[in-house]
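**Student:** After the structure tokens below, expect a handful of questions from me.
The values are calculated or read from the model by the stated rules, or taken from the named source; none is laboratory data. Note that the coordinates shown come from a computational prediction; the quantities given were computed from them, not determined experimentally. Quick reminder, even Gly has a Cβ in these numbers, built from the backbone with ideal geometry, and neighbours come from all protein chains shown. Note: accessible area is taken over every heavy atom of the protein model, side chains too, but ligands, DNA and RNA are not part of it. Shrake-Rupley method; radii C 1.70, N 1.55, O 1.52, S 1.80 Å.
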Amino acid sequence: MEIFGLSPELFWTALFVITSFGLYIGIAIWARAVSTDDFYVAGHHVPPVFNGMATAADWMSAASFLSMAGIIAFSGYDGSVYLMGWTGGYVLLALLLAPYLRKFGKFTVSDFVGDRYYSQAARIVAVICALFISFTYIAGQMRGVGIAFSNFLHVPVEIGVIVGAIIVLFYAALGGMKGITYTQVAQYCVLIFAFMVPAIFLSLQITGSPIPQLGFIGNAQDGTPLLLSLDNTLTELGFTAYTEGSKAMIDVFAITLALMVGTAGLPHVIIRFFTVPKASDARKSAGWALVFIAILYTTAPAVAIFARANFIDTVNESTWSQEAAASPEARAALGEGDTPAWFYNWRDTGLLDAEDRNGDGRIQYRADPETNEVTQLDRDIFVLANPEIGGLPAWVIGLVVAGGLAAALSTAAGLLMVISSAVSHDLCRKVLFTNMSDTQELLTARIAAIAAVLVAIYAGINPPGFVAAVVAFAFGLAAASFFPAILLGIFWTRMNKQGAIAGMATGLVVTAAYIVHFKIGFSPVVIGVCALLAAAALDILIAGTRRETGPAARWGMIGVSIVLTVAGVMGLFGVYPGLAQGSEAQWFLGISPEGFGAVGMVLAFVVSVVVALLTPAPPRAIRDMVEDIRIPSSQAAPAADRP
């Protein structure tokens, strides 16, 4: 029955999405930034509980809300690395980094690196790392926004990416960190409600338990243990049993470690702990964030198993209808045993498809590619599709779409904040144009956010994988670059600028090269783009370190930049051959690209320590500062609360 001329699903989706967006925009206008302090760190006035909630929303991105349950649903035991890594990272963050960085009292991670390592070169390398990580991460978020919008508006994913990007740009550029923080509090409430409601419905429907976590380990309605039932079904269809893993143990360990330390090194997560009043509040914020995150993360495995079981029950051996595939009107007549209407609806988005290859009029879902007739299956759709698969009320479907958008937009806003602050504050204000006024800096930050959105749109339309995998790469880059520099900067007074620069550069380059080699391949165009990016980074380094470097070093860097630029242009025109994409058999020690961040981190630690020991110790003032920030005081506010 239509409501105001719309289908129930579309009506409720429109109502929840428009209402929640109106709330976000209203909060952004109410909390708009009027100073650089508001824009970058919300004036240091955010209470720990609210900051924990905002951190949880910032953290629980499209990867957590949309993709994690999907990847666990189809990876089974192997998907547990995401749960262990992403939650364990917050323990590291709370114990090792958050309070100490807050006591340091700066605006950004690059601020800490630049001042702790008394070097503009270190600051610029940190800015480059932050931009590299954030753009990789935001690609996954924009992809998540596109998937949610494509279903809501019945448009291709590409259009959904553009619509979502415009909306997040509005409230991120207007409100800065102050607006983003309180918007994220609202977004957390929306996304957690949207995730839990269908999970409870599905748990009741499949296991009879209203608590999804208990349903996960409970029995199906026929009395068979749910996990055992799914194991049997999957093995009959040729898949690996759900409770068995196929990854090598070293790869499981490496991915988990990369995700854990990557969490502790992500700039958009760390920056949240600069917004609280004092150092002790940073640790409390991390604790609250872990509580809020745990609500979703303990529910995700249950949602995953419900999704896989329901998908098999409703699609495998169902009767395929060419009329329903061609006409939405014909879908209303579909009955029991037919391929369900939701399958055709998602088929319209291009994210799901099937083909009756053997001509028997039915769809077979199998592990064998030769007999499998589900030809397109995007794992990122399953949290959004779960209410439809389970036949839940239309209002639940609308609620989940609003929750998915809240998850993706909240993290995208945090990433835009990192990108804009890295360009305006760390690069322009602190390096290139030191006489810049606050007004000019705010304008530069907003322009940088616009430029970042344009790049994010392209990256969201053309990501190198599904959402959780793209995000995992960002964690690997953060683990290999920021984490060693920050940890050694806090706990080792002997750590100097030479060690930090060498470690960050080594970790970033080696990890990025490994990921590109095995996920994309070094075609001439890819080599050309990488060379041009390296040349641009080197040019920024030359411009920002003219007072630190002598003429010989400066001319040497200029020469390298010219060579890289020429090589980049030649690569774009295909002048030289590329390098074929690597295969799984060539993985280093059997470690996948998702887990190589752990290797990059170890390498960065080794390079940092060796270089630091071979070069002069830092000045006495720096060592005294490190001793001071390592013992956070719960009474005193940070002494360095200034730009």
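**Student:** Please state which one of Ala309, Ala325 is within 36 Å of the chain's Cα centre (by Cα) and within 25 Å of Ser229 (Cα to Cα).
**Tutor:** Working: Ala325 fails: within 25 Å of Ser229 (Cα to Cα).
After applying the criteria, what remains is Ala309.
**Student:** While we're on this one: Quick check on my filter: what residues within region 325-344 are touching a helix residue (DSSP H, G or I) at 6+ places or on another chain (Cβ under 7 Å) and in a helix (DSSP H, G or I)?
**Tutor:** Step one: list which residues in region 325-344 are touching a helix residue (DSSP H, G or I) at 6+ places or on another chain (Cβ under 7 Å), which gives 325, 330-331, 334, 339-344.
Within region 325-344, Ala325, Ala330, Arg331, Ala341, Trp342, Phe343, Tyr344 qualify.
**Student:** Is it the case that Leu259 is more than 29 Å from Ala598 (Cβ to Cβ), touching a residue at least 12 places away in the same chain (Cβ under 8 Å) and not hydroxyl-bearing (Ser, Thr, Tyr)?
**Tutor:** no
**Student:** For region 102-148, which residues satisfy the criterion of being at pLDDT 80 or above, hydrophobic (A, V, I, L, M, F, W, C) and open to solvent by less than 10 Å² (accessible area, probe 1.4 Å)?
**Tutor:** Once the filter is applied, which keeps residues that are at pLDDT 80 or above, hydrophobic (A, V, I, L, M, F, W, C) and open to solvent by less than 10 Å² (accessible area, probe 1.4 Å), region 102-148 yields Phe112, Val113, Ala122, Ile124, Ala126, Val127, Ala130.
**Student:** Residues Gly350, Gly335: which one is modelled with pLDDT under 85, surrounded by fewer than 21 Cβ atoms within 10 Å (Cβ to Cβ), within 26 Å of the chain's Cα centre (by Cα) and farther than 30 Å from Pro99 by Cβ?
**Tutor:** Gly350
**Student:** Report yes if Ser561 is within 17 Å of Leu131 (Cβ to Cβ) and either out of contact with any strand residue (DSSP E or B) (no Cβ under 6 Å at 6 or more places or on another chain) or in a helix (DSSP H, G or I) (or both), otherwise no.
**Tutor:** It is false that Ser561 is within 17 Å of Leu131 (Cβ to Cβ) and either out of contact with any strand residue (DSSP E or B) (no Cβ under 6 Å at 6 or more places or on another chain) or in a helix (DSSP H, G or I) (or both).
**Student:** Sticking with this structure for a sec: Test each condition in (1) open to solvent by less than 10 Å² (accessible area, probe 1.4 Å); (2) under 23 Å from Phe201 (Cα atoms); (3) at pLDDT 80 or above; (4) not acidic (Asp, Glu) for Trp395 and report the one that comes out false.
**Tutor:** With respect to (1) open to solvent by less than 10 Å² (accessible area, probe 1.4 Å); (2) under 23 Å from Phe201 (Cα atoms); (3) at pLDDT 80 or above; (4) not acidic (Asp, Glu), Trp395 is out only on (1).
**Student:** Which of the residues that make up region 423-452 are among the hydroxyl-bearing types (Ser, Thr, Tyr) and part of a helix (DSSP H, G or I)?
**Tutor:** Answer for region 423-452, where residues must be among the hydroxyl-bearing types (Ser, Thr, Tyr) and part of a helix (DSSP H, G or I): Ser424, Thr439, Thr444.
**Student:** Give the residues of region 325-378 that are under 22 Å from Val157 (Cα atoms) and among the aliphatic types (A, V, I, L, M), sorted by residue number.
**Tutor:** Selection gives Ala325, Ala326, Ala341, Leu351, Leu352, Ala354, Val374, Leu377.
**Student:** A further question on this structure: Hey, does region 233-247 have a residue that's closer than 30 Å to Pro484 by Cβ and open to solvent by 40 Å² or more (accessible area, probe 1.4 Å)?
**Tutor:** Checked against the condition, which is being closer than 30 Å to Pro484 by Cβ and open to solvent by 40 Å² or more (accessible area, probe 1.4 Å), region 233-247 yields at least one hit.
**Student:** Turning to a different aspect of this structure: Take region 183-200 and flag every residue that is at pLDDT 85 or above and open to solvent by 40 Å² or more (accessible area, probe 1.4 Å).
**Tutor:** Residue satisfying the conditions is Ile200 alone.
**Student:** Also, quick follow-up: Could you list, in sequence order, the residues of region 256-270 that are open to solvent by 10 Å² or more (accessible area, probe 1.4 Å) and under 15 Å from Met60 (Cα atoms)?
**Tutor:** Listed by number, the list holds a single entry, Met260.
**Student:** Can you tell which of Ala567, Ala598, Ala604 is among the hydrophobic types (A, V, I, L, M, F, W, C), surrounded by 18 or more Cβ atoms within 10 Å (Cβ to Cβ), over 25 Å from Pro484 (Cβ atoms) and in contact (Cβ under 8 Å) with a residue 40 or more places away in the chain?
**Tutor:** Values: Ala598 fails: over 25 Å from Pro484 (Cβ atoms); Ala604 fails: over 25 Å from Pro484 (Cβ atoms).
Unique residue meeting the criteria: Ala567.
**Student:** If you scan region 214-232, which residues turn out to be assigned to a helix (DSSP H, G or I) and crowded, with 16+ Cβ neighbours inside 10 Å?
**Tutor:** If the condition is that a residue be assigned to a helix (DSSP H, G or I) and crowded, with 16+ Cβ neighbours inside 10 Å, then Gly215, Phe216, Leu226, Leu227, Ser229, Leu230, Asp231 are the ones that fit.
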